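Enquirer: Attaching a single structure in structure tokens format; questions to follow.
Since every read-out is calculated from the coordinates, none of them should be taken as a lab result. Being a predicted model, the structure only gives us computed values, none of them experimental. Glycine gets a Cβ as well: all are built from the backbone with ideal geometry, and neighbour counts include every protein chain shown.
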Amino acid sequence: MKKVCLVALLAQFIVLGLAAPRTIAQENKEKEQKASRAAEARWSGVIVRLNKDTSTVTVRKQRIERIVHFDSATKWTKGTHNVDMSQFKDGDRVICLGKYDNKEFVASRIDLREPHMLP
């Protein structure tokens, strides 16, 4: 009886010992994914102002307006296709993807979306 309990206990320690490193590795991977998601920023809404001189676009989402900065590396897209910045105008719905740099949102991609269909 003692041998059976001892073998069962030993088997549990072996199983837990093999599972622990996988759990730690999985937790580390999840932490890395959260950190990379935190580094990415996203803002969507309607263009209120597009200022080419200051390289900014003001996007309103409900009652909140956010200034999104862009540069020469910013990709202007419509779905999966690259488009020219001249196709974007006030009132267009956009999704801006990028990062925060010194509390400023700098877009790496600005995507032109179809307007919402109103009933």
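Enquirer: Can you list residues whose amide H is under 5 Å from Phe105's amide H, if they're 5+ apart or on another chain and H is modeled 1.01 Å from N?
Expert: His69
Enquirer: Rounding to the nearest 20 debye, state how big the charge dipole of the stretch 41-113 is about its Cα centre with +1 on each Lys and Arg Cβ and -1 on each Asp and Glu Cβ.
Expert: Its charge dipole is roughly 340 debye.
Enquirer: Suppose the chain between Thr54 and Glu40 were pulled fully straight at 0.36 nm per residue; how much longer would it get relative to their current alpha carbon spacing?
Expert: 2.8 nm
Enquirer: Give the residue list of trypsin sites (Lys or Arg not before Pro) in the stretch 42-119 that are DSSP loop and have at most 16 other beta-carbon atoms within 10 angstrom.
Expert: When the trypsin sites (Lys or Arg not before Pro) of the stretch 42-119 are filtered for loop state and at most 16 Cβ neighbours within 10 Å, Lys52, Arg63, Lys89, Lys103 remain.
Enquirer: Could you give the nm distance between label points at Arg66 and Leu6, where each point is 7 Å from its Cα heading toward the beta carbon?
Expert: 6.4
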